[in-house]
Amino acid sequence: MSDGAWTTSGTHDGELDREVLTSGGTVRWARFGPEDAPPVVLLHGTPFSSYVWRGPAAALAQEFRVHLWDMPGYGASEMRSGQDVTLASQARVFTELLDHWGLAEPAVAAHDFGGCVALRAHLLHGARYSRLALVDPVALAPWGSATYRLLGAHAEVFGELPPALHEALVRAYLSSASHHGLPAHTLDRLAAPWCTEEGRAAFYRQIEQNDQRFTDEIQGRYGELALPVLLCWGAEDTWIPPEKGRELAALIPGCTLLPIEEAGHLVQEDAPAELTAALGAFLRTAS
């Protein structure tokens with residue numbers, strides 16, 4: 001089987017060519033880069049997919065064995081009625097995937113609520129990492145924008161929106177994560193999974209199911225992290241303000257905080273070169 005799909009420009013195109021059944025549903029994933037290179041796993045957040053990692057993933061794959069996946073209920077992975085897509089479930093799924101991939105102690109880079117997933121897997125399920133990079137993570141209370149809380153509190157009502165209005169809402173919400181604005185083709189790719197019949201329901205389901213208790217359960221344990229941690233934060237993040245980055249860094253022993261200038265919440269889209277350089281340098285540093 002191929003190790004991911006590449007465009008003629010040499011960047012990964014975001015296609016996930018493999019799948020595995022997990023406790024949360026069927027997960028689509030891809031792996032690429034030198035087979036004998038150190039492993040790196042990239043986790044996306046909400047309402048995104050692994051597609052946001054395509055640029056950094058392509059660059060990192062020159063010297064690392066990169067693993068990409070869409071969480072259950074997101075992107076190309078399974079979406080279904082009644083699906084458990086809570087942060088608790090996603091952490092269990094991630095732990096299962098590490099076992100499926102045979103990765104005993106990979107490096108991990110996680111964005112947005114992927115940060116909570118990685119932290120829960122490590123602190124609650126015993127998942128081991130060689131080092132952990134967090135990018136604008138969901139980790140500290142309170143979290144969730146006013147829009148996010150509104151959608152979650154009235155998921156059943158918003159779920160009845162006509163498809164055209166739903167798509168407009170999704171596209172506006174996604175766009176607000178970028179400081180510079182998303183290119184049309186990028187916005188199209190990020191919005192597309194949420195605009196199918198299954199995707200419309202899945203969009204509101206994942207917001208409705210996620211609440212602060214999933215970070216409350218681990219927030220008091222960040223001082224237990226005994227591995228190298230890099231914390232990158234978009235200096236113009238309007239979803240989770242940079243002040244949260246400083247607060248989180250103070251709770252993690254030895255944590256390095258790196259502001260990314262001219263970047264909003266979607267640092268991968270706003271400043272891919274800067275983020276990739278920071279991740280590469282961090283991943284190359286011996287423990």
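Since every read-out is calculated from the coordinates, none of them should be taken as a lab result. Keep in mind that what you see is a predicted model, and the values were worked out from it rather than measured. No Cβ is skipped: glycine too gets one built from the backbone with ideal geometry, and neighbour counts run over all protein chains shown.
For the residues Trp194, Trp143, what sequence is obtained by ranking on other C-beta atoms within 10 Å, fewest first?
Working: Trp194 26, Trp143 21.
Listing Trp194, Trp143 from fewest to most nearby Cβ atoms yields Trp143, Trp194.
Comparing mean-square fluctuations of Glu167, Glu217, Glu63 from a GNM of the chain with C-alpha springs under 10 Å, the top value falls on Glu217. From least to most packed, judged by other beta carbons within 10 angstrom and beginning with the fewest, Arg189, Arg284 follow the order Arg284, Arg189.
When only alpha carbons are used to place a centre, the range 102-124 and the range 225-271 end up 16 Å from one another. Taking amide hydrogens as placed 1.01 Å from N in the peptide plane, the amide H of His180 sits under 5 Å from those of Gly264, each at least 5 positions away in sequence or on another chain. Look at Ser50, Ser176, Ser23, Ser89 and count the other Cβ atoms within 10 Å of each Cβ; fewest to most, that gives Ser23, Ser176, Ser89, Ser50. Here the relative contact order of the chain, from alpha carbon pairs under 8 Å that lie six or more residues apart, stands at 18 percent.
Evaluated over the Cα positions of the range 14-94, the convex hull gives a direction-averaged projected area, one quarter of its surface, of 5.1 nm².
Could you work out the equivalent-ellipsoid semi-axes for the range 128-287, taking the square root of 5 times each eigenvalue of the Cα gyration tensor, largest first, in whole Å? Don't jump to the answer; show the numbers that get you there.
On the way: eigenvalues 184, 77, 35 Å².
They are 30, 20, 13 Å, listed from largest to smallest.
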